[in-house]
1. Against the conditions (1) hydroxyl-bearing (Ser, Thr, Tyr); (2) surrounded by fewer than 24 Cβ atoms within 10 Å (Cβ to Cβ); (3) closer than 30 Å to residue 224 by Cβ, where does residue 251 fall short? Just the number, please.
2. So which residues in region 82-96 are within 13 Å of residue 240 (Cα to Cα), surrounded by 15 or more Cβ atoms within 10 Å (Cβ to Cβ) and not aliphatic (A, V, I, L, M), if there are any at all?
3. State all residues of region 10-36 that are part of a loop (DSSP other than H, G, I, E, B) and open to solvent by 20 Å² or more (accessible area, probe 1.4 Å); if no residue qualifies, say none.
4. When the residues of region 106-120 are filtered to those that are farther than 14 Å from residue 140 by Cα and out of contact with any Asp or Glu (no Cβ under 7 Å at 6 or more places or on another chain), which remaining residue is most open to solvent (accessible area, probe 1.4 Å)?
5. Right, residue 203: open to solvent by 10 Å² or more (accessible area, probe 1.4 Å) and in contact with a strand residue (DSSP E or B) (Cβ under 6 Å, 6 or more places away or on another chain) or not?
6. Go through 195, 262 for me and flag whichever is hydroxyl-bearing (Ser, Thr, Tyr) and in contact with a Cys (Cβ under 7 Å, 6 or more places away or on another chain).
7. Do any helices (runs of 4 or more DSSP H) entirely within region 137-244 hold 3 or more residues that are hydrophobic (A, V, I, L, M, F, W, C) and under 21 Å from residue 3 (Cβ atoms), and if so, which?
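The values are calculated or read from the model by the stated rules, or taken from the named source; none is laboratory data. Not measured: the values here are computed from a predicted model. Cβ atoms come from the backbone with ideal geometry, glycine included; neighbour counts cover every protein chain shown. For accessibility, only protein heavy atoms count, side chains too; no ligands or nucleic acids. Shrake-Rupley method; radii C 1.70, N 1.55, O 1.52, S 1.80 Å.
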Amino acid sequence: MQKRVVITGMGAVTSLGLGAENFWNSIKAGKSGITAIERVDVADLPTRVGAEIKEFDANSFIEKKEIKRMDRFAQYAVAATELAIADSRLDVGAINRKRTGVIIGTGIGGVETIEKQHDVLLEKGPDRVSPFFVPMMLPNMATGLIAIKYKLTGFSECIVAACASSTNAIGDAYKVIQRNGADVMIAGGAEAAITRLALAGFCAMKAMTTNGDAASASRPFDANRDGFVLGEGAGVLILEELNHALSRGASIIAEVVGYGCTNDAYHITGVPEGGEGAAECMRLAIEDARIKPAAIGYINAHGTSTPVNDRNETAAIKTVFGEYAYRLPISSTKSMTGHLLGAAGAIEAIITASALKEGFLPPTVNYKTPDPECDLDYIPNVGRKTNIEYGLTNSFGFGGQNASLVLKRFN
């Protein structure tokens with residue numbers, strides 16, 4: 001018999017604040033975390049805004065000597081994990097560490113370290129490159145550092161699947177517990193790609209907005225959208241086998257009941273018209289949850305604010321849900337958080353779980369001009385009090401990666 005999997009803790013490190021509760025309160029209020037980029041020189045770049053974390057003190061979570069040996073993305077991951085464990089009231093000293101695992105996804109990993117150490121190589125020579133360069137830049141180091149910190153020897157993995165990474169991480173963790181491979185899984189994603197090189201690369205692809213007004217730069221599904229806004233941060237969830245959670249008196253936030261994963265097999269960065277791969281991914285997640293499509297009461301869309309993604313995700317939703325798609329509330333919270341790439345799915349799973357628990361559907365802000373090709377209910381500008389039983393969250397990435405989760409309100 002398959003085990004049931006519940007969410008008992010959540011931790012967020014975002015431009016909208018630290019902690020899942022602070023983050024969720026900002027999302028409910030329609031607050032934007034997008035501002036002018038300050039950490040990086042963007043004077044000669046067409047994109048100058050991002051969801052940059054202005055206030056993060058790594059010393060609050062990590063020993064000073066260790067901070068210098070960790071890329072920013074790993075610092076965010078470790079901090080989000082500490083917040084999630086505190087939120088879950090999980091006694092790490094009392095659990096079976098052999099049956100507790102870690103899966104943290106990232107799209108890029110230590111790109112800031114790569115840039116800085118490349119500068120050292122060119123300016124000072126190879127002898128001055130840090131001996132910590134390689135472990136700092138490795139994408140799996142967030143997983144490794146969390147496992148080391150809490151001495152967790154169970155199932156361990158790093159997912160690198162572009163913008164689907166952390167949704168895949170949560171989905172894989174769910175399946176590990178479901179098949180009785182673990183009692184507890186720490187799962188999520190982290191990204192810190194607001195760097196000069198990464199920004200230049202995305203700008204060269206013409207994927208990012210050139211709108212200099214931070215307040216309106218990210219406008220998913222709006223007719224005037226012109227590209228995504230880069231964000232950074234981390235989201236981590238504590239997943240537990242239901243009886244394990246109940247036996248320790250845990251407060252259960254939501255239940256994970258479905259997971260879908262597909263590939264478009266189409267193009268390295270593009271998506272097929274109609275979003276066939278995305279549609280199949282949603283279908284698989286719904287089938288895995290053993291429900292009908294009409295049971296879904298809310299979709300947290302991938303909704304990047306790029307012309308191609310939003311149009312094709314809309315088409316994919318219509319394919320899966322048929323006429324019901326026009327009555328199904330959908331929002332893109334990237335309108336407030338920007339696009340956290342490999343960490344996007346994790347913070348959006350936090351949002352979806354919070355929406356289920358509280359009975360409140362968050363808005364898509366900056367929605368002003370309807371697009372005839374994006375003609376569904378995107379919860380424009382103001383959220384809604386609505387009790388729902390099931391929510392679906394989507395993440396789609398370069399390389400054709402698609403991942404979807406179905407979460408259920410816990411009764």
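1. That leaves (3) as the condition not met.
2. Residue satisfying the conditions is 88 alone.
3. 15, 29, 30, 31, 32
4. Top of the filtered list is 116.
5. Judged against the criteria, residue 203 is not a match.
6. 262
7. Numbers: elements: 141-150, 165-178, 196-204.
Because the criterion is at least 3 residues that are hydrophobic (A, V, I, L, M, F, W, C) and under 21 Å from residue 3 (Cβ atoms), the helices (runs of 4 or more DSSP H) in region 137-244 that meet it are 165-178.
Matching residues to (1) open to solvent by 10 Å² or more (accessible area, probe 1.4 Å); (2) within 13 Å of the chain's Cα centre (by Cα):
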| residue | (1), (2) |
| --- | --- |
| 370 | yes, no |
| 374 | no, no |
| 393 | no, yes |
| 400 | no, no |
